[in-house]
1. Which of these, Arg71, Arg424, Arg225, has the largest mean-square fluctuation under a Gaussian network model of the chain (Cα springs below 10 Å)?
2. Defining a contact as two alpha carbons under 8 Å apart and six or more residues distant in sequence, what relative contact order in percent does the chain show?
3. Which value, in Å to one decimal place, does the Kirkwood hydrodynamic radius take for segment 386-439 when every pair of different Cα atoms is included?
4. Over the alpha-carbon set of segment 11-133, work out the extent along each principal axis and list the three values in angstrom, largest first.
5. Taking only the alpha-carbon positions of segment 294-362 and ignoring solvent, what does the Debye formula give for the base-10 log of I(q)/I(0) at q = 0.12, 0.20, 0.28 Å⁻¹?
6. Whole-Hz ³J(HN,Hα) for each residue in segment 181-193, computed from phi via Karplus 6.51 cos²θ - 1.76 cosθ + 1.60 with θ = phi - 60°, x for glycine and proline: what do you get?
7. Per residue, how big is the convex hull around the C-alpha atoms of segment 150-382? Give it to me in cubic angstrom, could you?
8. Å³ per residue of the Cα convex hull, for segment 32-73?
Amino acid sequence: MSAPAAAPPKTFHVKSFGCQMNAYDGERMGELMAAQGMTAAAAPGDADLVVLNTCHIREKATEKVYSDIGRLRKDAREHGRAAPMIAVAGCVAQAEGEEIVRRAKVDVVVGPQAYHNLPDLVARAARGAPALDTDMPAASKFGALPARRKVAPGAFLTVQEGCDKFCTYCVVPYTRGAEVSRPFVAIVDEATALVDAGAREITLLGQNVNAWDGGDGRGLHDLIRALDRIPGLARIRYTTSHPNDMAQGLIDAHRDVESLMPFLHLPVQAGNDRVLRAMNRSHTRDSYLRLIDRIRAARPDIALSGDFIVGFPGETEAAFADTLSLVDAVGHAQAFSFKYSPRPGTPAATMPDQVPAAVMDERLQRLQAALNRDQAAFNAASVGRTCDVLIERPGKLPGQWLGKSPWLQSVHVVGDHAPGDLVRVTLMQAGPNSLAGMVAPPVTEPA
Ligand code: 5AD
Ligand code: SF4
């Protein structure tokens, strides 16, 4: 039985969870609906259509979607409003498909490779039947998306999607599909449009962004060198990378290309070779550390970031100690760390020797203490440096602005600034998560 037809929604709200690729997809879905004449609502409670752009990477993220759906409907009931139309997008949509319609009676389910069809699906749902599209078509969705118009000073640009690595804990190869690179020209065109629309910094996104392949021998470093020539584009970043795809050309670009920021997110996950092998990571502790040495030789001030998983099946206390010693050896500027979460359908979910939750909790605490220590040390070592800060938004105090250093640190600075300004700042004081800076006096040429 299908639901009664409803008026097509006039207002929408997109809520994105998880990674930056989802944030990019969420922005693009917003642009798509705005191009249909719909208006963005600031809060879900003001919207006729709520798009939950979901993440499937850990169990908690999936359960959160169902509780969010329940909360949206409860809020509407309590405020005497009609329940909004609900679209579930992103990786939970891809993984669960029909199951979400069955379990939560949502109106639209759309996978990450199909969201260019969102307006059609919404129109179909408004006619009364749940609409579902989790296809992974051969033709890219990007050509079907509207042009970029107005963006923040720091913009995201997806250049690559999917993953062929099949780490044994990870759902991404199943939810986002195989590695696909967008064409060189399409990316340069979108980057140019982003700069015309106000972007000063572009972060190139991909699940394995450094595996970007132009198909003609060109790699990510060639793309970065091309983007470096776009007038008005001050900064380039990229995330997230796999150690095995870290080509020498890309390392060299960190030495040569001034607009390529000295920051690298290079997940290692664990520091013990037996665990890395069981994870199917295809790098070892030693090959990772040697790679870091080569990157630091090219760009000594580079800020290193990473992802870690504690409690992978079979991780012993001695194996975990190897992760702690790798952290000591690298000295990260920042990092993300997670408790292993078994994902249905992945090989690790059925491996023996699953680690008890209490052990994982305790290991995560120890790891995070080490990572926090290193982040604080990195920030403290930045004090006294003078660098450009890209102003992003007003801070909490009057006259205060918040921006990013080249090393992706949040910096507070007082002055007469505006979003998109690149301000020369001396870093004066370091906290655990941000720094305070002062506008540096202009450099005067010696007479
Ligand atoms: N459990 C815990 N963490 C995971 N990640 C990916 N899959 C899992 C999982 N099943 C982490 C990895 C990855 C990051 C995006 O999420 O560290 O790099
Ligand atoms: Fe997942 Fe591994 Fe691919 Fe990263 S490289 S998306 S962790 S399978």
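1. Residue with maximal mean-square fluctuation among Arg71, Arg424, Arg225: Arg71.
2. Worked out over the chain, it gives 10 percent.
3. 10.5 Å
4. Principal-axis extents of segment 11-133 (Cα, largest first): 34, 31, 27 Å.
5. Log10 of I(q)/I(0), two decimals: -0.42, -0.88, -1.29.
6. Rounded to whole hertz, the list is 9, 6, x, 3, 5, 4, 6, 4, 5, 5, 4, 5, 5.
7. About 128 Å³ per residue, rounded to a whole number.
8. So the per-residue hull volume is 79 Å³.
Values in this text are rule-based calculations from the coordinates and carry no lab data. All figures in this text were calculated on a predicted structure; none of them were measured in a lab. Backbone-built Cβ (ideal geometry, glycine too); neighbour counts: all protein chains shown.
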